[in-house]
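Engineer: My questions all concern the structure below.
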Amino acid sequence: MRIAMFTNNYKPVVGGIVTSIDLFRRGLIDAGHEVHIVTPEYQDYEDVEPYVYRVPALDLPGGLSGSLPLPLKAFITTTIEGIKPAVIHSHQPYVMGDVAAAIAEDMDVPLIWTFHTRYDKNVKEYVPVAPELATSVINGIIERYMERCAHVIAPTESIRDFIHRQYDPQVPVSVVPTPIDLSAYTALEPQRVRARLGPEDAKVLMYVGRLAIEKNLDFLVRAFAQIVVECPKARLVFVGEGLAEDELRKMAEELSLEEHVVFTGAVPHDEVPDYTAAADLFVFASLTDTQGLVLMEAMAAGTPVVAVEAPGPVDVLSQGGGILVPHDEDAFVEAVCTLLTDTERLRKMGEEARRAMQRYAIAETTQRLLAVYEAGIERHAQAKSS
């Protein structure tokens with residue numbers, strides 16, 4: 001099968017959507033399929049993998065992730081017509097997603113879309129003026145986009161249920177979680193990383209990901225200020241970069257946490273397993289992530305999680321490996337401090353975490369994705385004949 005994937009972000013950008021595309025691409029190729037990726041060009045980056053097509057784009061200013069595509073159909077239509085894909089898989093409902101939908105309609109090919117992001121929550125963070133109007137607009141965009149799809153993918157059961165409640169789609173919605181490359185967690189070297197994160201006896205709490213407003217990272221800093229009172233050896237480590245970094249550093253200074261909060265900056269994705277394995281706990285407060293891939297990566301490394309209750313973490317932690325708490329700083333502090341003082345419980349929870357992640361192996365999740373493609377092709381054919 002030939003698959004054309006359209007995305008606003010791809011390498012060298014680091015993020016959950018990029019990781020999802022990369023791992024599914026690998027799984028599909030291993031299963032004997034052909035994957036073509038259409039994405040914006042990015043600075044001076046040159047692709048080393050085949051079948052990646054770059055459209056003209058404007059580089060975004062420092063601190064912003066990715067580039068802004070100039071998604072004129074003319075740049076890519078002829079190429080996609082030559083590929084003759086069986087399905088077109090879109091990863092956003094706008095910009096490159098619009099191009100994907102238009103080309104799918106022109107070529108009479110089924111459009112599959114993955115609902116990666118809680119757009120309704122993100123828009124409230126980034127459009128503070130008239131947030132209700134902004135939410136209404138983005139919901140309208142999503143509803144209209146679903147009408148153009150043959151099938152919609154949700155990364156978790158909770159997000160599938162949310163899609164049905166919020167949008168009442170008239171197309172099937174199937175759960176296909178993002179895979180994990182479990183082979184990356186077989187020969188970890190956490191000691192190498194641990195030496196950089198503080199004293200040998202430090203209790204390391206770690207967050208990995210973009211330092212962005214919607215990740216609710218100010219919650220982590222405020223809660224950590226209380227955690228340090230009970231556990232003076234605690235360290236909070238932010239692995240990643242983003243626009244919120246300056247504000248987080250300022251918060252840490254105001255709360256006299258400079259010696260306890262560490263910012264590593266971005267690290268190569270192949271080093272993330274060593275970083276997460278070096279932590280005593282992975283901490284997560286985002287309310288907008290649809291799956292929480294970074295939680296899964298931490299758990300695959302055997303690191304337990306304390307997360308604020310939200311759709312992504314609820315599903316990821318359903319088989320153990322961590323604790324869910326309400327969106328309440330006191331509850332979060334209590335959960336973290338309790339675990340940090342119970343070494344045996346931490347160890348057992350780490351083992352639970354590793355076991356729970358076995359269900360996200362690349363080959364298994366790729367088969368679920370292929371089943372969605374086949375269902376989309378069949379539904380599209382039925383719609384044509386009716």
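Engineer: Identify, please: which residue in the stretch 30-58 is acidic (Asp, Glu) and part of a loop (DSSP other than H, G, I, E, B) and is, among those, surrounded by the fewest Cβ atoms within 10 Å (Cβ to Cβ)?
Structural biologist: My answer is ASP44.
Engineer: Scan the stretch 1-29 for residues that are part of a strand (DSSP E or B) and of a type in the set (A, V, I, L, M) and report the count.
Structural biologist: Result for the stretch 1-29: 3.
Engineer: Is it true that ILE3 is under 26 Å from LEU370 (Cα atoms), β-branched (Val, Ile, Thr), at pLDDT 95 or above and in contact with a strand residue (DSSP E or B) (Cβ under 6 Å, 6 or more places away or on another chain)?
Structural biologist: yes
Engineer: Take the conditions farther than 30 Å from VAL228 by Cα, without any contact (Cβ under 8 Å) to a residue 12 or more places away in the chain and part of a helix (DSSP H, G or I) and apply them to GLU378. Does it pass?
Structural biologist: yes
Engineer: Moving on. If we scan the stretch 360-373, do we find a residue that is more than 20 Å from PRO177 (Cα to Cα), among the aliphatic types (A, V, I, L, M) and within 25 Å of the chain's Cα centre (by Cα)?
Structural biologist: Scanning the stretch 360-373, I find no residue that is more than 20 Å from PRO177 (Cα to Cα), among the aliphatic types (A, V, I, L, M) and within 25 Å of the chain's Cα centre (by Cα), so the answer is no.
Engineer: If you don't mind, there's one more thing I want to ask. Quick check on my filter: what residues within the stretch 175-196 are within 26 Å of ALA371 (Cβ to Cβ), assigned to a loop (DSSP other than H, G, I, E, B) and of a type in the set (S, T, N, Q)?
Structural biologist: THR178, the sole residue that qualifies.
Engineer: Could you say which residue among THR365, THR338 is loosely packed, with under 15 Cβ neighbours inside 10 Å and among the polar types (S, T, N, Q)?
Structural biologist: Matching residue, one of THR365, THR338: THR338.
Engineer: So the check is Cβ under 8 Å with 6+ separation or different chains; which pairs have a first residue in the stretch 262-284 that's closer than 22 Å to LYS250 by Cα and at pLDDT 95 or above and a second one that's assigned to a strand (DSSP E or B) and of a type in the set (D, E, K, R)?
Structural biologist: Matching pairs, first to second residue: VAL262/ARG235.
Engineer: What number of residues within the stretch 127-158 are of a type in the set (A, V, I, L, M, F, W, C), at pLDDT 95 or above and assigned to a helix (DSSP H, G or I)?
Structural biologist: Summing the residues that are of a type in the set (A, V, I, L, M, F, W, C), at pLDDT 95 or above and assigned to a helix (DSSP H, G or I) in the stretch 127-158 gives 3.
Engineer: Can you go through HIS151, HIS116 and tell me which one is closer than 18 Å to ALA310 by Cβ, surrounded by 15 or more Cβ atoms within 10 Å (Cβ to Cβ) and either touching a Pro at 6+ places or on another chain (Cβ under 9 Å) or outside the structural domain of ALA212 (by TED's automatic domain parsing) (or both)?
Structural biologist: Step by step, each of HIS151, HIS116 is checked, and only HIS116 is closer than 18 Å to ALA310 by Cβ, surrounded by 15 or more Cβ atoms within 10 Å (Cβ to Cβ) and either touching a Pro at 6+ places or on another chain (Cβ under 9 Å) or outside the structural domain of ALA212 (by TED's automatic domain parsing) (or both).
Condition check ((1) of a type in the set (S, T, N, Q); (2) over 18 Å from THR290 (Cα atoms); (3) at pLDDT 95 or above; (4) not assigned by TED's automatic domain parsing to the domain that holds ASP218) across all residues:
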site	(1), (2), (3), (4)
VAL308	no, no, yes, no
GLN319	yes, no, no, no
ALA335	no, yes, yes, no
LEU339	no, yes, yes, no
THR343	yes, yes, no, no
LEU346	no, yes, yes, no
GLU352	no, yes, yes, no
GLN367	yes, yes, yes, yes
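Engineer: Only one of GLU200, GLU214 is surrounded by fewer than 14 Cβ atoms within 10 Å (Cβ to Cβ) and outside the structural domain of THR19 (by TED's automatic domain parsing). Can you tell me which?
Structural biologist: GLU200
Engineer: Let me ask something additional. Just the residues that are surrounded by fewer than 20 Cβ atoms within 10 Å (Cβ to Cβ) and in contact with a strand residue (DSSP E or B) (Cβ under 8 Å, 6 or more places away or on another chain), please, taken from the stretch 368-386.
Structural biologist: Matches in the stretch 368-386: ARG368, ALA371, ALA375, ILE377, ARG379.
Engineer: Suppose we keep only residues that are out of contact with any helix residue (DSSP H, G or I) (no Cβ under 6 Å at 6 or more places or on another chain) and buried (at least 22 other Cβ atoms within 10 Å of the Cβ) within the stretch 229-243. Which one would you say is nearest to GLY15 (Cα to Cα)?
Structural biologist: The selected residue is GLY240.
Engineer: Taking interchain pairs and intrachain pairs at least six residues apart, which have beta carbon atoms under 9 angstrom, with the first residue in the stretch 64-86 and over 19 Å from PRO50 (Cβ atoms) and β-branched (Val, Ile, Thr) and the second at pLDDT 90 or above and surrounded by 14 or more Cβ atoms within 10 Å (Cβ to Cβ)?
Structural biologist: Taking only residues 6 or more apart or on different chains, the pairs are THR77/VAL99; THR77/ALA102; THR77/ILE103; THR77/MET107.
Engineer: Right, here's the next one. Looking for whichever is part of a helix (DSSP H, G or I), over 15 Å from ALA277 (Cα atoms) and among the aliphatic types (A, V, I, L, M) here; the options are LEU339, LEU346. Which one fits?
Structural biologist: Within the list LEU339, LEU346, the selection yields LEU339.
Engineer: Residue by residue through the stretch 159-174, note down the ones that are outside any helix (DSSP H, G or I), closer than 18 Å to ALA375 by Cβ and without any contact (Cβ under 8 Å) to a residue 60 or more places away in the chain.
Structural biologist: Scanning the stretch 159-174 gives PRO169, GLN170, VAL173.
The values are calculated or read from the model by the stated rules, or taken from the named source; none is laboratory data. As the structure is a prediction and not an experimental result, all values here were calculated from the model. Note that each Cβ is placed from the backbone with ideal geometry, even for glycine, and that neighbours are counted across all protein chains shown.
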